[in-house]
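Chemist: Before I ask anything, here is the structure I am working with.
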Amino acid sequence: MDSKGYTPTIGLEIHAELKTNTKMFCDSRNDPDEKEPNINICPVCVAHPGTLPVINKEAVKHVLKIGHAVRGKIADFTEFDRKNYFYPDIPKGYQISQYKYPLVSGGSLVSVEITRIHLEEDTARSSHDSGDDSLIDFNRAGLPLMELVTEPVIKSAEQAVQFARELQLLLRYLGAGDANLEKGEMRVEANVSVSKTKRFGTKVEVKNLNSFKAVERAIRYEVERQIKVLERGDQLIQETRGWDENKQQTFSQRLKETSEEYRYFPDPDLPKLKLSDISEFQLEVLENEMPVLPEEKRTLYRSWGVSKDAVEVFVQEPVLLGSFLEEIAEILKHEKKSIKLASNYITSDLLGLYKDKTLPKRLPIDGAEFATLIRMAHSGTISSRGTKDILKIMLENKGGDPEDIAKKHNLIQQSDEGELQALVEDIIKNNVSVVTEYKEGKESALQFLVGQGMKATKGSANPQILQKLLKENIS
């Protein structure tokens with residue numbers, strides 16, 4: 001794309017539903033997978049007159065842990081506010097949110113600065129039937145919703161997606177939320193502007209981004225659109241635009257509201273909170289409950305010599321693959337070469353056997369069996385081909401002793417030089433012309449001779465030993 005001298009500036013607003021047993025301000029069940037409409041509702045979350053909200057302590061704790069993970073400043077004083085606006089999916093005519101005193105201020109993730117992280121309630125879900133009617137499902141109304149706002153420091157669609165992906169991963173590691181975009185559990189909005197100077201251009205908010213691919217494409221489209229508008233001498237307006245997945249373009253929805261239009265004021269039905277007075281929110285308590293985070297996992301795996309691409313595979317699948325690698329590393333006494341070899345076989349061969357299939361919740365082989373297989377491969381007891389074959393058999397049989405499998409299928413490599421000497425002499429004797437080519441400097445001839453040895457032994461000979469003996473015996 002020709003930027004024509006314009007620099008894009010992007011800020012993200014990300015909402016994520018939090019995993020709690022009940023909703024944010026009532027005891028209705030928090031179940032995002034409920035298919036039957038208007039089941040998980042009560043007088044509080046559908047705004048019956050005279051009802052009073054009660055703060056969900058677990059939701060507050062989730063946000064505090066997220067703030068701690070991104071090294072943000074945890075508030076001591078906080079309160080909830082009423083954000084006033086009138087849509088059919090807001091039963092009270094206002095949303096309980098936070099304005100002046102968010103739970104978390106500042107912090108950063110993947111080098112993107114964060115403005116604030118606060119807590120609010122989700123809206124109901126609107127749908128439209130084939131006629132003129134709109135239907136409202138209040139199951140989602142009142143679910144605990146985290147909102148994270150970044151500083152306007154993102155410079156590309158790719159960087160925006162990287163941030164959103166890392167936040168999704170962090171939420172999953174913390175157990176704060178599943179953050180599936182396709183289910184609406186995490187929603188990304190992008191504020192996009194372009195300018196030729198250091199001053200920000202006119203900000204346009206883009207909504208309806210329900211996949212990482214949509215985030216990237218919508219930001220790219222909006223940057224190009226804004227440049228075209230300015231280049232033809234027109235003015236941009238501050239507005240909210242949606243993303244049309246079918247047309248692959250943004251479209252105008254409404255003028256962007258300002259904070260003044262929402263008429264925020266402290267919710268009189270909810271207490272103001274001094275977090276230092278609440279034992280569950282003490283810093284020591286939060287720190288003791290924090291898991292090992294994605295970046296810490298990356299540092300650990302890199303210290304074992306695992307490749308950059310493989311590191312991401314293990315970080316993205318911490319329960320199935322990450323914990324499996326850590327178990328194996330412990331058995332292998334953290335020997336780097338063996339761990340790196342193990343990571344290679346997991347990410348290429350083991351996962352390759354599940355290609356186009358859904359990964360299981362638990363691998364059918366245990367760490368001890370796999371570690372034994374890696375030791376055999378590392379020592380040369382079995383070849384690379386033999387290792388792959390044994391691994392396949394182990395998966396098909398849901399485990400098994402690699403040594404027994406190797407013996408049963410004649411996959412133990414012949415590495416005894418004395419036993420291979422006679423074979424080498426026969427190869428040289430029966431391939432005189434190829435031996436001559438090797439003597440004349442043709443290196444590929446040696447590989448042909450090694451191949452003859454592997455063929456004669458049905459792949460059981462150690463190719464390195466064969467090559468060594470061939471060189472020694474060709475004079």
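The values are calculated or read from the model by the stated rules, or taken from the named source; none is laboratory data. Computed from a predicted model, the values in this text were never measured in an experiment. Note that we place each Cβ from the backbone using ideal geometry, even for glycine, and neighbour counts take in every protein chain shown.
Chemist: Mind listing just one residue for me: the one in segment 224-281 that is small (G, A, S) and touching a residue at least 40 places away in the same chain (Cβ under 8 Å) and, of those, surrounded by the fewest Cβ atoms within 10 Å (Cβ to Cβ)?
Modeler: S259
Chemist: If you don't mind, another one. Looking at E158, is it in contact with a Pro (Cβ under 8 Å, 6 or more places away or on another chain), farther than 21 Å from I96 by Cα and either of a type in the set (D, E, K, R) or free of Cβ contacts under 8 Å to residues at least 40 places away in the same chain (or both)? Break it down into steps so the answer makes sense when it comes.
Modeler: Working: in contact with a Pro (Cβ under 8 Å, 6 or more places away or on another chain): no; farther than 21 Å from I96 by Cα: yes; either of a type in the set (D, E, K, R) or free of Cβ contacts under 8 Å to residues at least 40 places away in the same chain (or both): yes.
Answer is no for this residue.
Chemist: Let me ask you something else. Kindly list, by first and then second residue, each pair from a residue in segment 28-42 that is in contact (Cβ under 8 Å) with a residue 40 or more places away in the chain to a residue that is part of a loop (DSSP other than H, G, I, E, B) and among the β-branched types (V, I, T), limited to pairs with Cβ atoms under 6 Å and residues at least 6 apart or on different chains.
Modeler: So the pair list comes out as S28/I41; N30/T20.
Chemist: Pairs please, first residue from segment 282-309 and in contact (Cβ under 8 Å) with a residue 12 or more places away in the chain, second anywhere and among the β-branched types (V, I, T), Cβ atoms under 6 Å, 6+ apart in sequence or on different chains.
Modeler: P294/V315; K297/V315; R298/V311; R298/V315; Y301/V311; W304/I339
Chemist: Taking H128 as the residue in question, decide whether it is touching a strand residue (DSSP E or B) at 6+ places or on another chain (Cβ under 6 Å) and under 19 Å from Y264 (Cα atoms).
Modeler: Taking the combined requirement at face value, the residue does not satisfy it.
Chemist: Being closer than 15 Å to V70 by Cβ, in a strand (DSSP E or B) and not aliphatic (A, V, I, L, M) is the filter here; which residues of segment 144-177 pass it?
Modeler: Answer for segment 144-177, where residues must be closer than 15 Å to V70 by Cβ, in a strand (DSSP E or B) and not aliphatic (A, V, I, L, M): E147, T150.
Chemist: Kindly indicate the residue of segment 349-383 that is of a type in the set (S, T, N, Q) and loosely packed, with under 13 Cβ neighbours inside 10 Å and also farthest from E327 (Cα to Cα) among those meeting that condition.
Modeler: Of everything passing the filter in segment 349-383, T358 is farthest from E327 (Cα to Cα).
Chemist: If you take the residues of segment 306-322 that are among the small types (G, A, S) and either within 16 Å of the chain's Cα centre (by Cα) or modelled with pLDDT under 95 (or both), which of them is nearest to A368 (Cα to Cα)?
Modeler: Top of the filtered list is G322.
Chemist: Only one residue in D31, D27 is under 26 Å from the mean Cα position of the chain (by Cα) and assigned to a loop (DSSP other than H, G, I, E, B). Which one?
Modeler: Details: D27 fails: under 26 Å from the mean Cα position of the chain (by Cα).
Just a single option satisfies the conditions, and that option is D31.
Okay, residues lined up against (1) outside any strand (DSSP E or B); (2) closer than 20 Å to G184 by Cα; (3) within 27 Å of the chain's Cα centre (by Cα):
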residue: V60; (1), (2), (3): yes, no, yes
residue: L64; (1), (2), (3): yes, no, yes
residue: R71; (1), (2), (3): yes, no, yes
residue: P91; (1), (2), (3): yes, yes, no
residue: I96; (1), (2), (3): no, yes, no
residue: E113; (1), (2), (3): no, no, yes
residue: E120; (1), (2), (3): no, yes, yes
residue: G142; (1), (2), (3): yes, yes, yes
